[in-house]
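First up is the structure itself, then whatever we jot down about it.
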Amino acid sequence: MQLKKVLEGIEYTLVGVSETAEISRFISDSRQAEKNTLFAALPGISSGDHGIRYAENAASAGAIVFCDQALSEDIPHVRVPDVQTALSLAAANFYDNPARNLSLIGVTG
């Protein structure tokens with residue numbers, strides 16, 4: 001799917017990457033980075049740990065970095081205000097909004 005379709009409805013800035021770039025999957029582990037992947041640089045559980053530390057490794061393997069911090073212009077990335085919120089919207093776009101087809105039933109008593 002083209003990046004511009006994945007990013008529909010999301011405020012973003014592209015740096016060193018085209019909206020027509022193809023995305024085949026999302027990752028959050030830079031060791032799985034390859035061409036056509038979108039690497040989500042997510043905050044870690046412990047303080048000081050953040051996926052942004054692995055952005056350069058992911059980009060050198062061919063991934064596009066999805067982040068909420070400024071990076072070097074040498075690293076192809078999509079900058080968003082909040083990476084976690086934007087990632088959930090991007091995933092919904094990528095997987096054709098599967099929540100629309102869910103039925104929710106509540107049983108009480």
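Out of curiosity, is residue 29 more than 14 Å from the chain's Cα centre (by Cα) and of a type in the set (D, E, K, R)? So residue 29 fails the test. Has the stretch 41-63 got any residue that is under 9 Å from the mean Cα position of the chain (by Cα) and within 19 Å of residue 2 (Cα to Cα)? No, the stretch 41-63 contains no residue that is under 9 Å from the mean Cα position of the chain (by Cα) and within 19 Å of residue 2 (Cα to Cα). Summed over the stretch 61-74, the residues that are surrounded by fewer than 20 Cβ atoms within 10 Å (Cβ to Cβ) and either at pLDDT 95 or above or part of a helix (DSSP H, G or I) (or both) give a count of 2.
Taken over the stretch 75-94, the criterion of being under 9 Å from the mean Cα position of the chain (by Cα), surrounded by fewer than 15 Cβ atoms within 10 Å (Cβ to Cβ) and under 12 Å from residue 9 (Cα atoms) is satisfied by 88 alone.
Considering only residues in the stretch 23-60 that are assigned to a strand (DSSP E or B) and closer than 23 Å to residue 92 by Cβ, the one that is modelled with the lowest pLDDT turns out to be 43. Determine which single condition residue 14 fails, assuming it passes every other condition in (1) under 13 Å from the mean Cα position of the chain (by Cα); (2) within 17 Å of residue 93 (Cβ to Cβ); (3) surrounded by fewer than 16 Cβ atoms within 10 Å (Cβ to Cβ). In the conditions (1) under 13 Å from the mean Cα position of the chain (by Cα); (2) within 17 Å of residue 93 (Cβ to Cβ); (3) surrounded by fewer than 16 Cβ atoms within 10 Å (Cβ to Cβ), residue 14 misses (3) alone.
Taken over the stretch 23-32, the criterion of being exposed (fewer than 12 other Cβ atoms within 10 Å of the Cβ) and either of a type in the set (S, T, N, Q) or out of contact with any Phe, Trp or Tyr (no Cβ under 9 Å at 6 or more places or on another chain) (or both) is satisfied by 24 alone. So residue 84 clears everything in (1) in contact (Cβ under 8 Å) with a residue 24 or more places away in the chain; (2) in contact with a strand residue (DSSP E or B) (Cβ under 7 Å, 6 or more places away or on another chain) except one condition, right? Which one? Unmet for residue 84, out of (1) in contact (Cβ under 8 Å) with a residue 24 or more places away in the chain; (2) in contact with a strand residue (DSSP E or B) (Cβ under 7 Å, 6 or more places away or on another chain): (2).
The values are calculated or read from the model by the stated rules, or taken from the named source; none is laboratory data. Quantities reported herein were computed from a predicted structural model and do not represent experimental measurements. Positions of Cβ are generated from backbone atoms using ideal geometry, with glycine treated the same way; all protein chains shown enter the neighbour counts.
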